[in-house]
Amino acid sequence: MTLSVLAAGSLRKALPAMAEAGGLRLDVRFGPAGLLRGRIEDGLRPELFLSASMAHVRAVARLADYGEAVPLLENRLCLFGREEILADGDALRAMLDPDSRLGTSTPGADPGGDYALAVFDRAEAIRPGSRAMLRDRARALVGGDLPGKAHAGSPVVDLFRAGKVDLFLGYRTTALDVTAKCPGLALLDLPPELAVRPLYGAVARNTDEARAALDGLRSAEAMEAATSCGFHPPRKSTR
């Protein structure tokens, strides 16, 4: 049986690997999780919903058709882009560089954008005034609309290939994919004082098939597949 799934775009590489490891057949529509949540609240009823934010799956879990929202995976945020800008290893300095174009996902529509704002908030404690400067400089370049189902590639790859951005603050899993495909780019992990660890969540419809599929995605085999794509299992204390 093939199950319908709405899933965060950042799972584009990991979810097929997880499904294969768990022996699942999924028909997946990827996109910004905030917009996908809106589709569900408007009446669409996928068997599974996977989000880069627990807030979105908890909202869907409040609908009568769905069960409990559960943690699924952890990711990390990092800064990636042109090697020469990141050469000195100072992420905050690079983001504040007025000569570099900084991109993010779209806050509200895409959790990646919300996590970027959280990094900017942390920067304020390190260098007063940074929050306002970063919010002014950063451009929300992806995650503002739902891509067509046929669009299988990363929109961030397209940005760098088109020369529209110098730096991007986003998921480490995305950075691994983008830097592998775009020569001349590097990634820089954020220091502890700026670090944000996104927690992904999942929710299944109240059917035996959907619940079994969610169990399959949380199996040890599926977690191993996700880890090979740069994700981490959720910490035991995260709820």
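Which whole-number value in Å³ per residue fits the convex hull of the alpha carbons of region 1-154?
Details: hull volume 21.8 nm³, N = 154.
Cα convex hull per residue, to the nearest whole number: 141 Å³.
Label-point separation (nm) for E193 and A118, each offset 7 Å from Cα along Cα-to-Cβ?
Result for the modelled spin labels: 2.0 nm.
At a Förster distance of 35 Å, what's the computed FRET efficiency of N206 paired with A180, Cβ-Cβ distance as r, to 0.05? Can you show the working numbers first?
Details: r = 40 Å, r/R0 = 1.14.
Given R0 = 35 Å and the Cβ-Cβ separation, E is 0.30.
Roughly what % of Cα-Cα distances in region 74-220 sit above 23 Å, to the whole percent? All intermediate terms of the calculation are to be shown ahead of the outcome.
Working: 4151 of 10731 pairs.
In whole percent, the long-distance tail amounts to 39.
Report the calculated FRET efficiency for D90 and D158 (r = Cβ-Cβ distance, R0 = 35 Å), to the nearest 0.05.
The formula returns an efficiency of 0.80 here.
Compute log10 of I(q)/I(0) for region 102-143 with the Debye formula, placing one identical point scatterer on every Cα and leaving out solvent, at q = 0.15, 0.29, 0.30, 0.34 Å⁻¹, to two decimals.
Each listed q maps to, in turn, -0.31, -0.94, -0.98, -1.11.
Would you compute, for the Cα atoms of region 158-239, the largest minus smallest coordinate along each principal axis and list the three values in descending order, in whole Å?
That works out to 47, 30, 21 Å along the principal axes.
What is the set of long-range amide H partners of L3 at a cut-off below 5 Å, with H atoms built 1.01 Å from backbone N?
Hits under the 5 Å cutoff: R25, L26, D27.
Kirkwood hydrodynamic radius (Cα pairs, Å) of region 1-47?
On the way: mean 1/r = 0.0902 Å⁻¹.
Kirkwood radius, region 1-47: 11.1 Å.
Based on the mean of other Cβ atoms within 10 Å per residue, sort peptides 135-142, 44-51 so the most packed one is first. Could you put the intermediate results ahead of the total?
On the way: 135-142: 17.0, 44-51: 23.1.
Highest mean packing first, the order is 44-51, 135-142.
Throughout, read-outs are computed from the coordinates displayed, never taken from laboratory work. As the structure is a prediction and not an experimental result, all values here were calculated from the model. Neighbour counts run over all protein chains shown; Cβ positions are idealised from the backbone, glycine included.
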